[in-house]
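These notes concern the structure reproduced below.
The values are calculated or read from the model by the stated rules, or taken from the named source; none is laboratory data. Fair warning: this is a prediction, and the values are worked out from it, not measured in the lab. No Cβ is skipped: glycine too gets one built from the backbone with ideal geometry, and neighbour counts run over all protein chains shown. Each accessible area value is taken on the protein alone, full model and side chains, heavy atoms only, with ligands, DNA and RNA left out. Shrake-Rupley method; radii C 1.70, N 1.55, O 1.52, S 1.80 Å.
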Protein chains: 6
Amino acid sequence: MRPSRRAPDEMRAVSFERGVLRHAEGSCLVKFGETHVLVAATLEERLPPWLKGQGRGWVTAEYGMLPRATHERTRREVTAGKPSGRTMEIQRLIGRSLRTIVDLEKLGERQITVDCDVIQADGGTRTAAITGAWIALHDCLSWMKARSLLSTIPLRDHVAAVSCGIIDGEPRLDLDYAEDSDAGTDCNFVMTGGGGFVELQGTAEKAPFTEEEFNAMLGLARKGIGRLVDLQKMAVA
Amino acid sequence: MRPSRRAPDEMRAVSFERGVLRHAEGSCLVKFGETHVLVAATLEERLPPWLKGQGRGWVTAEYGMLPRATHERTRREVTAGKPSGRTMEIQRLIGRSLRTIVDLEKLGERQITVDCDVIQADGGTRTAAITGAWIALHDCLSWMKARSLLSTIPLRDHVAAVSCGIIDGEPRLDLDYAEDSDAGTDCNFVMTGGGGFVELQGTAEKAPFTEEEFNAMLGLARKGIGRLVDLQKMAVA
Amino acid sequence: MRPSRRAPDEMRAVSFERGVLRHAEGSCLVKFGETHVLVAATLEERLPPWLKGQGRGWVTAEYGMLPRATHERTRREVTAGKPSGRTMEIQRLIGRSLRTIVDLEKLGERQITVDCDVIQADGGTRTAAITGAWIALHDCLSWMKARSLLSTIPLRDHVAAVSCGIIDGEPRLDLDYAEDSDAGTDCNFVMTGGGGFVELQGTAEKAPFTEEEFNAMLGLARKGIGRLVDLQKMAVA
Amino acid sequence: MRPSRRAPDEMRAVSFERGVLRHAEGSCLVKFGETHVLVAATLEERLPPWLKGQGRGWVTAEYGMLPRATHERTRREVTAGKPSGRTMEIQRLIGRSLRTIVDLEKLGERQITVDCDVIQADGGTRTAAITGAWIALHDCLSWMKARSLLSTIPLRDHVAAVSCGIIDGEPRLDLDYAEDSDAGTDCNFVMTGGGGFVELQGTAEKAPFTEEEFNAMLGLARKGIGRLVDLQKMAVA
Amino acid sequence: MRPSRRAPDEMRAVSFERGVLRHAEGSCLVKFGETHVLVAATLEERLPPWLKGQGRGWVTAEYGMLPRATHERTRREVTAGKPSGRTMEIQRLIGRSLRTIVDLEKLGERQITVDCDVIQADGGTRTAAITGAWIALHDCLSWMKARSLLSTIPLRDHVAAVSCGIIDGEPRLDLDYAEDSDAGTDCNFVMTGGGGFVELQGTAEKAPFTEEEFNAMLGLARKGIGRLVDLQKMAVA
Amino acid sequence: MRPSRRAPDEMRAVSFERGVLRHAEGSCLVKFGETHVLVAATLEERLPPWLKGQGRGWVTAEYGMLPRATHERTRREVTAGKPSGRTMEIQRLIGRSLRTIVDLEKLGERQITVDCDVIQADGGTRTAAITGAWIALHDCLSWMKARSLLSTIPLRDHVAAVSCGIIDGEPRLDLDYAEDSDAGTDCNFVMTGGGGFVELQGTAEKAPFTEEEFNAMLGLARKGIGRLVDLQKMAVA
C-alpha cells in the first residue's frame, strides 16, 4: 500500500489555477497533491546577447523554493550566495523542456522567462513545475496574441512531466516525498502530448535498475502524462 | 481622489489566511489589497552562537520577493549573490518589531525564524509583512503551547504596521504602489496594540516635511493600526 | 549622570576639519567627541545608467568603518564578500539625506559620491557622517563653482543629524557608545537648517516608547540640530 | 558518414593510463579519442558532517575543465566566483554513478574524492570521466588494501558511461564534439558491468524523440559499455 | 630634477604619530610625504586553527585603501566582493616582513593583527605601511608588557622599507606617485636595522635592468632604511 | 647532500613538450623534475577595455593548480569563490615577466592569454610556468606568423625563471618541495636571455639574509637561467 493509499498507477490530485498573479503575462498555481508551485511567465523585449540578430526568441526558466516549503526549513540560496547544484539542474531542465515545444522563430526576438517557485514541497516539484509552466507559457503567448504581438500561438505541442519509481520492487507513478525518499530508483519523464520524449532522467539511488524496470516505469509515465495533458487541455479550453 | 478611490483615512481591504503552509509551525497569507505576503514561522531548537547559554530565545526574520511579484520582473537576489540593501533593511525591521513584543526569556533557548515572502507587491510590503508576521508568530507559539513546549504564549502585545504619506499636500493612510511612487513623504509606523511605538521610519522623498505633517500622518497611523490590531484579534479568536 | 558627565541636552564636542584629503574635491574630518569620520566628496562626470539623459545629477554615499575603529576589532567587510545590512542601511540613509537638500537639476548630469569612513567609533557614526558630509559636499560644490562648472552652489539648505535616546527614563541628546548600548529607545533625526524633517528613525530596543517620549527626544534633537547647523555655518564661513 | 569516419556503432579509441599523478592514491588519464580527462582519487580520513557516525563512507566527485581544453578559451570558473550549472550537474552525476557500485559500509568512515579535470575536450567529457573514474577509484581502493586499510576492495561492479545520439535520423555511438553539436537527441548512459542502469539522461535538443529511437540508442550503448568494461578489466588486470 | 625637487638619494619627509586610535593596543599614523597610512595593531587571544597548540603566536597584516586616497576615486573592494590581487600581495608582504623580526615563541599563543589603511596615497604605500607597522607593533607589545602579558618585548630588530627606481637612467630613492608611474624599474627593499634583507621585490616595468642598476638602487635603499630606522628609534624612545 | 642528490648548482631534469593541446595556438608541457605545468597560449582578437585604441596588444597570464597536484588534496579555488592571494601573486608575476620581452606594438591590438595549470607540484611551479610560458607564447606567435597575422615574431628575448635558496647555510639552485619547505631564504629570479633582470623576489622565511647570500644565489641563478635559455633555444629550433 502506498503511503497516500493511491493505486500504483494513480496520480495525485492535480489542479491548475490560472491568472493568479496580477502583474505576470501568464501565471499558474499548479498542485500535484501537496506539492504547490507558483509559475509566472514574463515577456521581455530583449534577448541574451549571444542570441541577438538571429531572428528567433528564447524561453528560459528559473526555479526557487520558499524556505518553509519543506518539512525542515531550508536556508535561502541567497544566503549561500549562489544557487545550489540541484536548483541549477532543475531550472536548466525546465527551460530545455519548454524550448522543445515552442517555435522560437515564430516567437520573434523576445525572451520569455518562466519563474517556478515552490510554495510547498511534497515530492515531484520539478515535474509539477514543468507541467504548470506549460499553462503559464500558453497564457503568456495568448496574452501576446491578444495584443497582436503574435498572429498565432507558437506552441507545437503540450509538454508535461511525471516521476516514477521502484519501491519494494513495485513500479509506482507520481512519487510523493515519503516514497521519493524510499525509492531505489527514480525516473523523471518529460513528454509531449504526441508521446515523444523530451527528457528522460533515470537514477539508481541504491542498486542499478533493469531494462524491465525501466519499461514498467515508462508505461506508468505514458499513462500519467496522458492524464496531465488532458488536464492541461481542459484548463486552457 | 486616491487612485484606489479610498478616503484619505481608509485602509485597503485586509485579510489573514492562517495555516496555509502544511509544514510550518505557524503560517499566514496576509493581504493588504493587492499586496500579498506569505509568512511562515519556523521553530528551531537552536540559537545563534552569540546567544547560547543566556536562558533566552530569539526571533528573527527573513524577507524575499518572488521575481514576478512586481510590475516588471525583478532579478532574483541569488543571481546577484547577495541580498539588496532594501531587503536587509526590511528584514532587520521585521525582526526588531517582533522581538519588542515577545518575552524572549519565556520563549526559552529556541529560535523562531519568520519568513516573509512577497507573492504580489502593490506597495506596503513591509507593513503587511509585519502585520501578518504577528499572526504566524502567534500560531507558532500556540503550536508550541499545544505541545506543552510553553506553558503560556509569551506575547506581550500585538504589533502591526502601516504606512502613511503626504501626496499633493494631503496626508493619506496605507499607500499603494501608485501613491507610494508619488509621495513626497513616506512614513512607516510600527506600533503595539497598546499604542506604543516600536519603529518609526519617516523619509522625505523630495522636500523636507514638517512636524504638522508628521502629526497628521501619526493620527492616521493610529487609526490604521487600531483597525489592524482588531483584525488580528478576530483572526486568532 | 551621563557616563560622559554631559547634561541631558548637551552634545559632545563637535568639530569639522576641512580639506584634509589632498585629492578629493571636498573633504572633512568630522568629530562628535570620540567618534571620528573622514568624509570625501568626489565629483564624477558620469551618472548611473538609469539616470542618464534626464538633465539632472545624482548624489550618493558609501559608508565604511576601519577594522579597529571599534573597541574590538571588526572584520573587514571585503572578507565577508559583501557589505553588512547595517552598512547598507546607513549608506542609503546618508545618500537620501543629502539628496533632499541638493538641487539635482542645477547640479547637471554629474554624480557626487560621498565616502564616509569611520576612523574611530564611539556611537553616532551615522549622525556624524551626515553632518560632516554636508561640509564635504558643500566644499565639492564650491570647488566646482570656482572652476565655473556651476554658476551657484545648488544647496537648498543645511542638513544635519543627531541621535537621541531614553535611558533610565531620561531623554538624552547625542548618545555615545556607552549610552547607545543601554538605551531602551534610540531615535535618529535628520533635519534641515529650516527645521524640516529629512529622516526620522525611531527604534524601541526593549519596550515600546510613547508619544511623550518621542516628543521629548524631538525637542532635544531640534536643539542639537540647531547647534550643528550653526557650527556648519561657522565652518564654511 | 561520421566526421570521424567511424561506423555508427564504433567507439573512439579508448585508453587508460594509470598512476599518472605521483601524489594521488589512484589516478588515471582517460582518453576517448581527443577527449582527455585526468582523474585523481584522494583518500581522506574524514567525512562530511551529515554522515559522521553512521559507520559508512562516502565517494564524491568534482569536475573541472582547463580553460583551453576547448576550441575557444573558456573563462575559469573561479573568475565567475562559482561553478556553472553544467559543472555542478556533471559532478553530481559522476558522484552518484560511483556510489552505486561502491559498498560504502565496507569503505568505512572515510571519504574518497574523485577529481575529474578535462585537459582536452572533444565531446563526451562526462562519459570519459565516469569511465576513467572507475579506474582511479579502483586503484585508490587497491592502494588502501595494500596498506591493510581494507581487507577487500569494496567494489560491487564496474561502471562505465557512453553517449549516443540521433544525427540525420541515424543512431550513433560515442558522439564527438562535431556530432554532439549536430545531434537532435543526446542520451548519456551510465551502466554497470552487469548491464544494470545507473543513470539515464536523454535530452531532445530540437524535436522530441521516439521510443524506437531510444531503444536504438540503448542497443548501441549496451555495446559500447560492454567494450568499455572489457577495457577497464584489461587495464587493471 | 625630481618632480618633488628632492636629491636622488633624498627621502620624503617622514613622520610617525603614535597612539592615534583610542581603542587599538598600538597605533601609528605614518607619513612618507603625501602618503599617509593609518596602522592599528590588535591583540587577540586566539590563533588561526592551523597554529594552535604549537606554543607560538602569529602576526598577520591586512591592507586597505580608502576610496578617495587616490587621485581618481577607487571602487571599494567590498563592492567587487573580494580583495584585489594587489591588496593581497601587499598584505602578505607586510605580514611576512613583520614576522621575520618578531620572536613568535616569546609572543605566546596569541595573534596580533596589523591593519594598514591608506588614508592618502602618493606612491610607496606598502613601504610606508611596513615602516609604520613596526611602530604600531612595538607599541602593542609595550602595551602587553605594561600589563605583564610579556616579560620582554619580543622584537629581534627593527624592520623598515623603501622603494627605489631608475628614472631616465638615474637611480632614485623613495619614489612618489609621479615618479612611480614613470619608472622603468621599481624595487622595494624591506630590511632590518642590522642591514639584513627581509624582502626584495624588483620589477622591470619596461626593459630588463642590470646588476649595476640593482646595486645602485640597493645602495640608496641602505641609506634610506638607515634613516627610517633612526626615525623609528627616535619615535619610540 | 640535497634530498634529490643533486649538486648545489644543479638543476632538476628540465623538459618541454610542445603542441600538447590540440586547440591552443601554442602549448607546452614543461617539467622541472616532478613539477609539471601545462601551458596554453590563446590568441584573442580583443583587448581589455582600458587598452583599446592605443595601437598595441597585451599579454596576460592565469595560473591554476589541479586539486591533486599537491601531496594533500587542495580545495578548488572556485569552491572558495575567489583565487587565493598566492594565485593572484603568481599570475601577475607571470604576466609581467612575459610582457617585458614582447614588443606589444608589433603584436597589434590583440591579446594573448597564457594559462599555466599545474598538473603536479614539487616546488618551483612559478619558475617552471614562466619558463614554459615562453615556449607556448613563442609557438602562438609562430602560429600567427605562419598565418600572416604577423610579419615577424615580436619577441625581444628569451625569459626564464629559477628559484634559489639557502639551506643549512648552503646556497642551492632550483629548489624542490622538500627543500623549499626547509629553506631559510627563497629567491625567485626571472631573467632574460641577455642576462637582464625582469623580476627579483627574495623572501627571508626565518631570519634576514645578507648581501653575500643574495649574491651567491644570484650567481647560481645566472647559471640556471643560462641553462634554461639554452634548452628553450633547442626546443624551438
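One table, with the values for the structure above:
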read-out	value
Label point 7 Å beyond Cα along the C-beta direction, distances from C:ARG56 to other copies (nm, shortest first)	4.5, 4.5, 4.6, 6.3, 6.5
On Cα atoms only, tilt of D:85-101 relative to the major axis of chain D in degrees	60 degrees
Å² per residue, accessible surface of the stretch F:1-93 at 1.4 Å	45 Å²
Loop trypsin sites (Lys or Arg not before Pro), the stretch E:142-237, which have at most 12 other Cβ atoms in a 10 Å radius of their Cβ (DSSP)	E:ARG147, E:LYS206
The stretch E:170-231: relative contact order as a whole-number percent, Cα under 8 Å and 6+ apart	37 percent
Size of electric dipole in chain A: Cβ of Lys, Arg +1 and of Asp, Glu -1, about Cα centre, debye, nearest 20	860 debye
Chain F, relative contact order [Cα under 8 Å, separation at least 6], %	22 percent
Residue and distance (whole Å) for the chain E Cβ nearest the axis that superposes E on A	E:GLY81, 5
Accessible area buried at the E-F interface, both sides summed, 1.4 Å probe (Å², nearest 100)	2500 Å²
For the stretch D:95-210, with +1 on Lys and Arg beta carbons and -1 on Asp and Glu, the positive-most of D:ILE130, D:GLY184, D:THR113 along the dipole	D:THR113
Accessible surface of chain D [probe 1.4 Å, protein heavy atoms]: carbon and sulfur percent	48 percent
10 Å binning of all Cα-Cα separations within the protein assembly as shown, expressed as whole percents from 0 upward	1, 7, 13, 18, 19, 18, 14, 7, 1, 0
Alpha-carbon Debye profile of the stretch F:131-237, log10 I(q)/I(0) at 0.10, 0.12 Å⁻¹	-0.35, -0.48
Convex hull of the stretch B:123-175 built on C-alpha atoms - directionally averaged projected area, nm²	4.1 nm²
Charged-residue dipole, Cβ positions (Lys, Arg, Asp, Glu), the stretch C:1-109 about Cα centre, Debye nearest 20	400 debye
Pairwise centroid distance, computed over Cα atoms, of the stretch F:56-93 with the stretch C:13-43, Å	40 Å
Interface residues in the stretch F:67-116 - accessible area drops by 50 Å² or more relative to the isolated chain, probe 1.4 Å	F:ARG68, F:ARG73, F:ARG76, F:VAL78, F:LYS82, F:MET88, F:GLU89, F:ARG92, F:THR100
In sequence order, calculated HN-Hα J values of the stretch E:154-169 (Karplus, 6.51, -1.76, 1.60; Hz; x Gly/Pro)	x, 10, 7, 6, 7, 9, 8, 9, 8, 9, 9, x, 10, 10, 6, x
Relative contact order for the stretch D:54-164, counting Cα pairs under 8 Å that sit 6 or more residues apart, in percent	36 percent
Degrees between helix C:211-236 axis and first principal axis of chain C (Cα, 0 to 90, nearest 10)	40 degrees
Pairwise FRET efficiency - A:ASP168 versus D:LYS223, Cβ, R0 = 35 Å, nearest 0.05	0.60
Angle in degrees between helix E:125-146 and the longest Cα principal axis of chain E, rounded to the nearest 10	20 degrees
Net charge of neighbours whose Cβ lies under 15 Å from the Cβ of A:ARG73, counting Lys and Arg as +1 and Asp and Glu as -1	-2
Shortest-first distances to equivalent copies, position F:SER142, nm, label 7 Å out along Cβ	3.8, 6.4, 6.7, 6.7, 8.2
Calculated diffusion of the stretch F:6-77, Stokes-Einstein form, Kirkwood radius summed over Cα pairs, 25 °C and 0.890 mPa s, µm²/s	159 µm²/s
Whole-number accessible area per residue in Å² for the stretch C:124-227, which is evaluated in the context of all protein chains at 1.4 Å	33 Å²
Global size of the stretch D:160-211 as Cα Rg and Dmax, reported in angstrom	11.2, 33
Mean residue ellipticity (222 nm) of the protein assembly as shown, computed from DSSP H runs ≥ 4 via -39,500 (n - 2.57), nearest 500	-10500 deg cm²/dmol
Kirkwood Rh in Å, taken over chain D so that all alpha-carbon pairs contribute	18.2 Å
Most fluctuating residue given options D:GLY81, D:GLY193, D:GLY95, as computed from a GNM of chain D linking Cα atoms under 10 Å	D:GLY81
Net charge over other residues, Cβ less than 9 angstrom from the Cβ of C:ARG6 (K, R count +1; D, E count -1)	0
Intensity falloff of the stretch B:43-101 expressed as log10 I(q)/I(0), Debye formula with alpha-carbon point scatterers, at q = 0.17, 0.18, 0.22 Å⁻¹	-0.73, -0.78, -0.96
Net dipole in debye of the protein assembly as shown [+1 Lys, Arg Cβ; -1 Asp, Glu Cβ; about Cα centre; nearest 20]	0 debye
Candidates C:LEU21, C:LEU29, C:LEU98: whichever shows maximal mean-square fluctuation once chain C is modelled as a Gaussian network with Cα springs under 10 Å	C:LEU21
